[in-house]
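Undergrad: Just dropping this structure here.
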Amino acid sequence: MDWLEPPEVAVPGELYRVVGGDPLVAEILARRGITDPATARAFLDPRYYTPSPPEELPDLTKAASRLHEGIQRGERMLVWGDFDVDGQTSTALLVDALRTLGADVRYHIPHRLKHGHGVHADVLVEYIRRGIDLVLTCDTGVAAHEAVEAAQVNGVTMLITDHHALPPRLPDAPAIVNPQRLPEGHPLRDLPGVGVAYKLVQYLYRLAGREADAQRFLDLVALGIVADVATQRLDTRYLLQLGMDSLRNPRRIGLRALMASAQVDISALSTDTIGYQVGPRLNALGRLGDASLAVELLTTDNEARAAQIASQLELLNNKRKQIEDQIYGAAQAQIVAEPSLLNFEALVLAGQDWHPGVIGIVASRLVEQYDRPAVLLSLQEGQPARGSARSVPGVNIGACIAANADLLISYGGHPGAAGLVLDPDLIPQFRRRLSNTVAERRDPEARSGYPVDAVVPPGDLSMELAEELNRLAPFGEGNPPVHLMAPGVRLVSYSGFGVNNRHRRVTIEDEAGNEYTVTWWRGSEHPAPPSAFDLLYIPRINDYKGRRSLQLEWVDHRAVPGVEAEVGPRYEVVDLREEPDPALAVDAEEYAVWVEGVSSEGLPFEPEQVGTRATLPPARALVIWTAPPGPQELAQVLARTGATLIYVVARAVPDTSAEAFLKRLGGLVKYALREYGGEVSLLRLAGATAQREFAVRQGLEWMAAGGKIEIEWLEEDRLRFRRGGQGQADRTALEPLLDSLRASLEETAAFRRYFRRSDPARFFHPPGRFD
């Protein structure tokens, strides 16, 4: 991505005076459009901000009054929410608030895979038949015409609170509380669903004579604002600032259990902690399970039950991460096998049985990596393809997809994200048409890139300056973390860490020879930097268990203008594929040999030198004896060994039938049960079967559906088997799972064939990415 250089701004003297502290804070505020001293004071300190009254939201007083009447009458109420974190927190807030006021209330959150977003009239009617008198939606409902009509026909009041874009015609509901009905620039317009729910509760509590008590729901508001990536402006930022203070002293039993499970240091809680540790665990429920559990977690007063649900979330989140990495690896394999996919303005990929609840996350990763809109489609046997799209600044992906509606079964979305359903046979045509639409509609004035807030070499960064810059927090959408540029640094070394060495710890050196360590999250997915470069980084303060330290977080790098630098460290690739006895040509003193899918017995190497991707030792040189199963696995091995001298032998791995693969996997499961109590890593199973982790997961799911085993997903890539119980096998799931497995095995075989016939150098330059 481009870097957006810091513009020259005239900083008023009064702004410097009011902001105080380091002048850089006032300069960054000015560059971000805040030059009025009073506005700056309110931005930095919520005590100086005057929030908008709840009644400025259209129909809010109507909705609150109707709820107040319903509580007094003892009416049975239903809160209808949504399965993302904004919907979960909105539902929990309303349920908790209404129950506290004495309401008879229950809640419903749709299942993502069974129903999808929205208020479903048939399900709603079932609730009405059970005696519901009043329905209150949150984070959904603004386009629920059919549901509103069904409620009216059955004599039930339906009140709508939502924040999504308005349809051409609003439903005929008694109250539709939606900030999108306010004019542009109104302080309440950016509220997410949980913010709208809070303003409603604020007024409802005023009617009940308990307005001050509404503040106890601010923890849920902050959680929803961050997880929904709501724009931090005006009232939204104000509520977030207050809510963050509440989250650092959580009174909710469920939040305490969730943070303990996620190993969050509550005293040092930040929006990053919520965005990367807390939010994903709640979102995993909505993506892979039943999001109603999140509402129970956030409203329960039972510590044992809270701990039980938090444990479930931990397992689901680990499973989500594994599925995400597997889909990402499969997507990269498609790009490697068909580089022409990157010739399109939009990256459109499809895969068999890609999980519909996870493909949106992978699309976001691909957008960041390739700087273009991405659409990922899940293919299911005999069903339409279902996809998620993500976009870049300047491309309204929702409008671009809508412009091709004639190819689609259904669609919906907004400028940054969208969903769609189409016939799988139309995917190539859709890819071409969408790319043309993106090219035609891209806003030429929009610039996608990283903002540079200031030039600060690492040697000039101190804990005091970092604390000053942290006054601009909380960070998030509309108020990004401070990005500093370190000019002309040099690469000293880097090493991998984390599961499969996906992250990098990079050592850099400034002109004076001082060394600094920079953390590069997911660095293995990107090229290594050149020997000399400009670094864009975020200063972070790590306050783990009271020990404060300054950390540099890698954002991006670029070559120093006018300076030629070696891109590297480069790989030296030796092609031995045609050598009759390739082992004799390996002349490195220290090397590791990667062998999978064939026996290593009889190879002229020492046993400790030979291994699978899970067991290879670090080495300067790597012998790739058998063709790798995919690009992500190749990247993992390169990161694991640290090798830069590569000998490519790439012996063929016999194509494996699904039946033979399952027999081999079954043997490994029995061995794990006998020798290790059933606990093993997915990576080790993948290496032992010579397949991608995605295929191993499919094989295990087939075995579980057949009643042969039960699986417990543990932290990271570990899992535990138990022998199957006496329950009936899910025969209806076996054949589709087997078909999906066959497709995955063929993808691996196709990549291996491609690797064996292609110029090997293209897989190793630049390091860490496959172009």
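Undergrad: Go through region 1-80 and tell me which helices (runs of 4 or more DSSP H), entirely inside it, have 1 or more residues that are at positive phi, in contact with a His (Cβ under 6 Å, 6 or more places away or on another chain) and open to solvent by 30 Å² or more (accessible area, probe 1.4 Å).
TA: Working: elements: 13-19, 23-31, 37-44, 60-73.
No helices (runs of 4 or more DSSP H) qualify here.
Undergrad: Right, something else. Quick test for you: out of Pro428, Pro415, Pro444, pick the one residue that is under 28 Å from Ala385 (Cβ atoms) and open to solvent by 70 Å² or more (accessible area, probe 1.4 Å).
TA: Values: Pro428 fails: open to solvent by 70 Å² or more (accessible area, probe 1.4 Å); Pro444 fails: under 28 Å from Ala385 (Cβ atoms).
Of the residues listed, the single one that is under 28 Å from Ala385 (Cβ atoms) and open to solvent by 70 Å² or more (accessible area, probe 1.4 Å) is Pro415.
Undergrad: Among the residues of region 362-372, how many are more than 26 Å from Leu282 (Cα to Cα) and surrounded by 21 or more Cβ atoms within 10 Å (Cβ to Cβ)?
TA: So in region 362-372, the residues more than 26 Å from Leu282 (Cα to Cα) come out as 370-372.
Checking the rest, the ones that are also surrounded by 21 or more Cβ atoms within 10 Å (Cβ to Cβ) come to none.
The number of residues fulfilling the criteria is 0.
Undergrad: Shifting gears a bit: Of everything in region 335-344, what is open to solvent by 40 Å² or more (accessible area, probe 1.4 Å) and farther than 21 Å from Ala405 by Cα? Give them in sequence order.
TA: Ala337, Glu338, Pro339, Ser340, Leu342, Asn343 - these are the residues of region 335-344 that are open to solvent by 40 Å² or more (accessible area, probe 1.4 Å) and farther than 21 Å from Ala405 by Cα.
So that you can scan it fast, the table gives a plain yes or no per residue for (1) touching a His at 6+ places or on another chain (Cβ under 8 Å); (2) among the aliphatic types (A, V, I, L, M); (3) free of Cβ contacts under 8 Å to residues at least 12 places away in the same chain; (4) within 22 Å of Val196 (Cα to Cα):
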site	(1), (2), (3), (4)
Ala92	no, yes, no, yes
Asp96	no, no, no, yes
Leu101	no, yes, no, yes
His108	no, no, no, yes
Ala121	no, yes, no, no
Asp133	no, no, no, no
Ala175	no, yes, no, yes
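Undergrad: Still on this model: Filtering region 203-228 down to residues that are of a type in the set (Asp, Glu) and out of contact with any Lys or Arg (no Cβ under 7 Å at 6 or more places or on another chain), which residue is modelled with the lowest pLDDT? Before the answer, list the steps.
TA: If we filter region 203-228 for residues that are of a type in the set (Asp, Glu), which is where we start, we get 211, 213, 219, 228.
Next cut, out of contact with any Lys or Arg (no Cβ under 7 Å at 6 or more places or on another chain) only: 211, 213, 228.
Details: Glu211: 91, Asp213: 94, Asp228: 83.
Restricting to residues being of a type in the set (Asp, Glu) and out of contact with any Lys or Arg (no Cβ under 7 Å at 6 or more places or on another chain), the top hit is Asp228.
Undergrad: Before we move on, is Glu715 free of Cβ contacts under 8 Å to residues at least 60 places away in the same chain, touching a helix residue (DSSP H, G or I) at 6+ places or on another chain (Cβ under 9 Å), surrounded by fewer than 17 Cβ atoms within 10 Å (Cβ to Cβ) and among the acidic types (Asp, Glu)?
TA: Details: free of Cβ contacts under 8 Å to residues at least 60 places away in the same chain: no; touching a helix residue (DSSP H, G or I) at 6+ places or on another chain (Cβ under 9 Å): yes; surrounded by fewer than 17 Cβ atoms within 10 Å (Cβ to Cβ): yes; among the acidic types (Asp, Glu): yes.
In short, no.
Table: residues versus (1) open to solvent by less than 10 Å² (accessible area, probe 1.4 Å); (2) more than 15 Å from the chain's Cα centre (by Cα).
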| site | (1), (2) |
| --- | --- |
| Leu269 | yes, yes |
| Ala304 | no, yes |
| Ser311 | no, yes |
| Ala346 | yes, yes |
| Asp353 | no, yes |
| Gly360 | yes, no |
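Undergrad: Shifting gears a bit: Counting only residues that are among the aliphatic types (A, V, I, L, M) and over 19 Å from Arg762 (Cβ atoms), give me the strands (runs of 3 or more DSSP E) lying completely in region 565-661 with at least 1 of them. Don't jump to the end; show me each part of the working.
TA: Details: elements: 572-575, 591-594, 621-626, 645-651.
The strands (runs of 3 or more DSSP E) meeting that bar are 591-594, 621-626.
Undergrad: When you scan region 388-405, do you find a residue that is free of Cβ contacts under 8 Å to residues at least 40 places away in the same chain, charged (D, E, K, R) and farther than 21 Å from Arg112 by Cα, even just one?
TA: The answer is no, given that none of the residues of region 388-405 is free of Cβ contacts under 8 Å to residues at least 40 places away in the same chain, charged (D, E, K, R) and farther than 21 Å from Arg112 by Cα.
Undergrad: Can you tell me which residue in region 271-290 is surrounded by the most Cβ atoms within 10 Å (Cβ to Cβ), limited to those that are touching a residue at least 24 places away in the same chain (Cβ under 8 Å) and β-branched (Val, Ile, Thr)? Give the steps one after another, and end with the answer.
TA: Step one: of region 271-290, the residues touching a residue at least 24 places away in the same chain (Cβ under 8 Å) are 271-272, 274-275, 278-290.
Applying the additional criterion that residues be β-branched (Val, Ile, Thr) yields 271, 274, 278.
On the way: Thr271: 23, Ile274: 27, Val278: 23.
By that ranking, first place goes to Ile274.
Undergrad: Look through Arg752, Arg742, Arg720 and report the one residue that is modelled with pLDDT of 85 or more, open to solvent by 20 Å² or more (accessible area, probe 1.4 Å) and closer than 29 Å to Ser340 by Cα.
TA: Working: Arg752 fails: open to solvent by 20 Å² or more (accessible area, probe 1.4 Å); Arg720 fails: closer than 29 Å to Ser340 by Cα.
Matching residue, one of Arg752, Arg742, Arg720: Arg742.
The values are calculated or read from the model by the stated rules, or taken from the named source; none is laboratory data. Remember, it's a predicted structure, so these values are computed and weren't measured experimentally. Positions of Cβ are backbone-derived with ideal geometry, glycine not excepted, and every protein chain shown enters the neighbour counts. Note: areas computed on protein heavy atoms with side chains; ligands, DNA, RNA excluded. Shrake-Rupley method; radii C 1.70, N 1.55, O 1.52, S 1.80 Å.
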